[in-house]
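Below: the structure, in structure tokens.
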């Protein structure tokens, strides 16, 4: 499923490009590279525009050669090598910001890895398995999922995930440019860094991930069905914060969390009946 709406996260601030340039231009390393990571599931059409943004640039679809299916390839996370020249890089980033505004799909990575090596590293991080044997793909290119995933990892898992990376910046739900904490305290051997077996995720880690997924799923359904739930009248980050504040996982009351979230949004004036709002929102 593709997701073309542009209201997943707050819109970028007016100074998003200067903020990004501050990060990208201050690198003190002699032999390091900047890459953009794009979750194309939010805007598959962007793939066709990347050559216009950076004709000399190279793009790697991370699912290619790993997972089969044309539909999957269309929404594959893509790695884009950013120009070394600061002015050219700024022009490319301006285009990426323009296309990704409101979508949790852009982050930038700094590393000594050349592009093929970085793609190979990222491809080894896709798969995870819960202790109940549930298998899932890690959507680390989705910037809503990225900090949550990084936050639940053990130190050994963090060391593997961030092996070879100097920094990783993303736009959070409030569209604030934010660095991930990538310093891992666990010792890391070359074999550990090259591991490609699925991450084993314990029940505590899974509880955090599942709770977050349920919250985003509820918000998605509210936005998709204003005739049933009402129209959201707040920024995406405000809606998410309000729902998260009241969400509870009670196995005996599976619908209680959703009802509490809807009530909280309505009480805060963030959710109004469609007939009150008057018209359907434009996706």
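Observations on the structure shown:
- Across the stretch 46-70, the number of residues qualifying as exposed (fewer than 13 other Cβ atoms within 10 Å of the Cβ) and within 17 Å of the chain's Cα centre (by Cα) comes to 0.
- Filter result for the condition that a residue is assigned to a helix (DSSP H, G or I) and closer than 16 Å to residue 168 by Cα, over 92, 80, 23: 23
- Candidates 88, 125, 156: the one that is assigned by TED's automatic domain parsing to the domain that holds residue 53 and out of contact with any helix residue (DSSP H, G or I) (no Cβ under 8 Å at 6 or more places or on another chain) is 88.
Yes/no matrix, rows are residues, columns are (1) closer than 24 Å to residue 8 by Cα; (2) modelled with pLDDT under 95; (3) assigned to a helix (DSSP H, G or I):
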site	(1), (2), (3)
206	yes, no, yes
228	yes, yes, yes
250	no, yes, no
253	no, yes, no
266	yes, no, yes
276	yes, yes, yes
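- Taken together, 150, 195, 163, 175 contain a single residue that is closer than 30 Å to residue 264 by Cβ, touching a helix residue (DSSP H, G or I) at 6+ places or on another chain (Cβ under 8 Å) and outside any helix (DSSP H, G or I), which is 175.
- Selected residue [under 18 Å from residue 101 (Cβ atoms), touching a residue at least 12 places away in the same chain (Cβ under 8 Å), surrounded by 14 or more Cβ atoms within 10 Å (Cβ to Cβ) and assigned by TED's automatic domain parsing to the domain that holds residue 139] from 43, 73, 82: 43
- When residue 126 is tested against (1) surrounded by fewer than 19 Cβ atoms within 10 Å (Cβ to Cβ); (2) within 17 Å of residue 196 (Cα to Cα), exactly one condition is not met: (1).
The values are calculated or read from the model by the stated rules, or taken from the named source; none is laboratory data. As the structure is a prediction and not an experimental result, all values here were calculated from the model. Note that we place each Cβ from the backbone using ideal geometry, even for glycine, and neighbour counts take in every protein chain shown.
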